[in-house]
1. Only one residue in Leu33, Leu52 is surrounded by 15 or more Cβ atoms within 10 Å (Cβ to Cβ), hydrophobic (A, V, I, L, M, F, W, C), under 18 Å from Gln92 (Cα atoms) and out of contact with any Cys (no Cβ under 9 Å at 6 or more places or on another chain), so which one is that?
2. Would you check if there is a residue in region 2-14 being closer than 25 Å to Leu102 by Cα, of a type in the set (Phe, Trp, Tyr), surrounded by 15 or more Cβ atoms within 10 Å (Cβ to Cβ) and in contact (Cβ under 8 Å) with a residue 24 or more places away in the chain?
3. Surrounded by 12 or more Cβ atoms within 10 Å (Cβ to Cβ), hydrophobic (A, V, I, L, M, F, W, C) and in contact with an Asp or Glu (Cβ under 9 Å, 6 or more places away or on another chain), is that true of Ala71?
4. Tell me the residue from Arg78, Arg99, Arg85, Arg21 that is surrounded by 12 or more Cβ atoms within 10 Å (Cβ to Cβ), in contact (Cβ under 8 Å) with a residue 12 or more places away in the chain and in a helix (DSSP H, G or I), please.
5. Could you identify the single residue in Gly68, Gly54, Gly82 that is modelled with pLDDT under 95 and over 14 Å from the mean Cα position of the chain (by Cα)?
6. Just to be sure, is Leu28 in a helix (DSSP H, G or I) and touching a residue at least 60 places away in the same chain (Cβ under 8 Å)?
7. Where residues in region 85-114 are farther than 20 Å from Met8 by Cβ and among the charged types (D, E, K, R), which of them is modelled with the lowest pLDDT?
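The values are calculated or read from the model by the stated rules, or taken from the named source; none is laboratory data. Everything numeric here is computed off the predicted structure, so don't read it as measured data. With ideal geometry, Cβ positions are generated from the backbone for all residues, glycine too; neighbour counts draw on all protein chains shown.
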Amino acid sequence: MYAKNELMFPHHVVPALRMLRGPEWQSLVERVLALPEGHEQSLAFGLMMIRLNGCLSCETDSYRAMRGCDACTIQTLRRYKGTDRDLLGLYQQALDEVRRYLQRGTKIASEDVA
């Protein structure tokens, strides 16, 4: 009845996104696939997709959730009206946010030690 779905955008969906857009998008997906899930670029990609897909408002009993994260993400990217360059801009914003967060966390951790 219910598809296997996650609470947020799952990394295992990334390979299915490779051919959905143009060469710039494909290059980004390839780069993310070559990295571990915990790498800042993978985290930024996930953050971007969480925002695009609206994962935070997804309910487990919704039609979207029942279809599964793969189908939701594919549909989101097919319906996206912006260019690949627009998507890369969203990715860069997410990457900047992840880096700021990680830097802040490092500073907090070093202050706790001192």
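1. Numbers: Leu33 fails: surrounded by 15 or more Cβ atoms within 10 Å (Cβ to Cβ).
None of the others qualify; the one that does is Leu52.
2. Step one: of region 2-14, the residues closer than 25 Å to Leu102 by Cα are 6-14.
This time we only want the ones that are of a type in the set (Phe, Trp, Tyr), so: 9.
Next, only the ones that are surrounded by 15 or more Cβ atoms within 10 Å (Cβ to Cβ) stay: 9.
Filter once more, so that each one left must be in contact (Cβ under 8 Å) with a residue 24 or more places away in the chain: 9.
Within region 2-14, one or more residues are closer than 25 Å to Leu102 by Cα, of a type in the set (Phe, Trp, Tyr), surrounded by 15 or more Cβ atoms within 10 Å (Cβ to Cβ) and in contact (Cβ under 8 Å) with a residue 24 or more places away in the chain.
3. When the stated conditions are applied, Ala71 does not pass them.
4. Arg99
5. Gly68
6. It is true that Leu28 is in a helix (DSSP H, G or I) and touching a residue at least 60 places away in the same chain (Cβ under 8 Å).
7. Asp112
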